[in-house]
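Below: the structure, in structure tokens.
The values are calculated or read from the model by the stated rules, or taken from the named source; none is laboratory data. Note that the structure is a prediction, hence the values are computed from the model and not measured. All Cβ positions, even for glycine, are placed from backbone atoms using ideal geometry, and neighbour counts span all protein chains on display. Keep in mind that these areas ignore ligands, DNA and RNA; they rest on the heavy atoms of the full protein, side chains included. Shrake-Rupley method; radii C 1.70, N 1.55, O 1.52, S 1.80 Å.
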Amino acid sequence: MNIINLENITKSYSEKTLLYDISLGIDDRDKIGIVGVNGVGKSTLLKIIAGTEKPDSGRIIRGNSVSIEYLSQSPYFDPEAKILEQVFRGSSPVMKLVREYETALQNPDINSDRLLKLSSEMDRLNCWSMESEAKVVLTKLGITDFQEKIATLSGGQKKRIALAAALINPSELLILDEPTNHLDNRAIDWLEDYLSKRKGALLMITHDRYFLDRVVNEIAELHCGKLYLYKGNYNNYIENKLAREESEAASERKRQTLLKKELAWISRGAKARTTKQKSRIERFKK
């Protein structure tokens, strides 16, 4: 099922056009890896899809019920928040309730009736599994002290907490910008398995080609402002990209041969005496 469409997206910074007339449809089973050289606009494309940045032209179509969770390269952190509070920073009713319940647990003066009421609400909204999942995800990512303040953590630890928050917040489309940064091999292996089994669409940037090869089922390459789509994993992309480039090179050689032929004809002093000759001259000029 299609969940979001990009139509003719263009984005420029100063005189540099990063994205030009890009269109892309994302289905609920797509796991897409975005590749391209540094500075080509990969992160900008993710920001536009996530809704944190606007395109210069074009439009994005998505249903009102489609939720997106986005891990950026520079996520926001509340330095005074504790780790679990940061993970449950979402605005959905479930996230608000879990956040409130975790805060209440740490308050020695909490009224027992209030705690009982929050527990009942957790039952009603089936929140217990989410709380448990958050702690499991954090542990797998190397975070074990759930009550530690964000201000005391290293940059790598903060990025792992932001990744955990993106993973446990329910969404139809999960967008990850360099999720394997600051992860050791064990955590990367766990994340690979988690994303492979996760239901819903996935869109991500990573320089880990082996990770891409094992997780995604489609590659989108950004090159000179254009987006090229390839079905399959990273190995399939390499093979199909080579075939596309060879085909484009053959077409360019054919075009150059035709151009030389037409140039020789023009150089001999072609006259636009007939309609056919006029059309040929106009075609040569174009």
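Structure notes:
- For G25, the amide hydrogen comes within under 5 Å of the amide hydrogens of L6, counting only partners 5 or more places away or on other chains and with H modelled in the peptide plane.
- Accessible heavy-atom area order of W190, W128, highest first, probe of 1.4 Å: W128, W190
- 29 Å Cα-Cα threshold exceeded, pairs from K16/K278; K47/K140; K117/K140; K11/K159; K11/K140: K16/K278; K117/K140; K11/K140
- For I34, the residues whose amide H sits under 5 Å from its own are M204, I205, T206, A220, ignoring neighbours fewer than 5 places away on the same chain, with H placed 1.01 Å from N.
- Relative protection proxy for 83-89, 237-243, from highest mean packing down: 83-89, 237-243 (other beta-carbon atoms within 10 angstrom).
- Beta bridges per DSSP with both ends in the range 138-286, % antiparallel, nearest 5: 55
- Residue by residue, the range 169-174 carries 3J(HN,Hα) couplings of 6, x, 7, 7, 10, 9 Hz when phi is fed to the Karplus relation 6.51 cos²θ - 1.76 cosθ + 1.60 (θ = phi - 60°); x denotes Gly or Pro.
- K285 versus L115: modelled label distance in nm, points set 7 Å from Cα along the beta carbon direction: 8.6
- Highest mean packing first, where packing is the average number of other Cβ atoms within 10 Å per residue, the peptides 54-61, 278-285 line up as 54-61, 278-285.
- Taken one residue at a time, the phi angles of the range 201-217 give Karplus couplings (6.51, -1.76, 1.60, θ = phi - 60°) of 7, 9, 9, 8, 10, 7, 8, 7, 5, 5, 4, 4, 4, 9, 10, 8, 10 Hz. Gly and Pro are set to x.
- Surface share of carbon and sulfur [accessible, 1.4 angstrom probe, percent] for the range 80-149: 50
- The HN-Hα couplings worked out from phi for the range 75-81 by the Karplus form 6.51 cos²θ - 1.76 cosθ + 1.60 (θ = phi - 60°) are x, 7, 10, 8, x, 8, 6 Hz, whole numbers, x standing for Gly and Pro.
- In plain terms, the chain from A104 to S129 could stretch by 7.2 nm, reckoned as 0.36 nm per residue minus the Cα-Cα distance.
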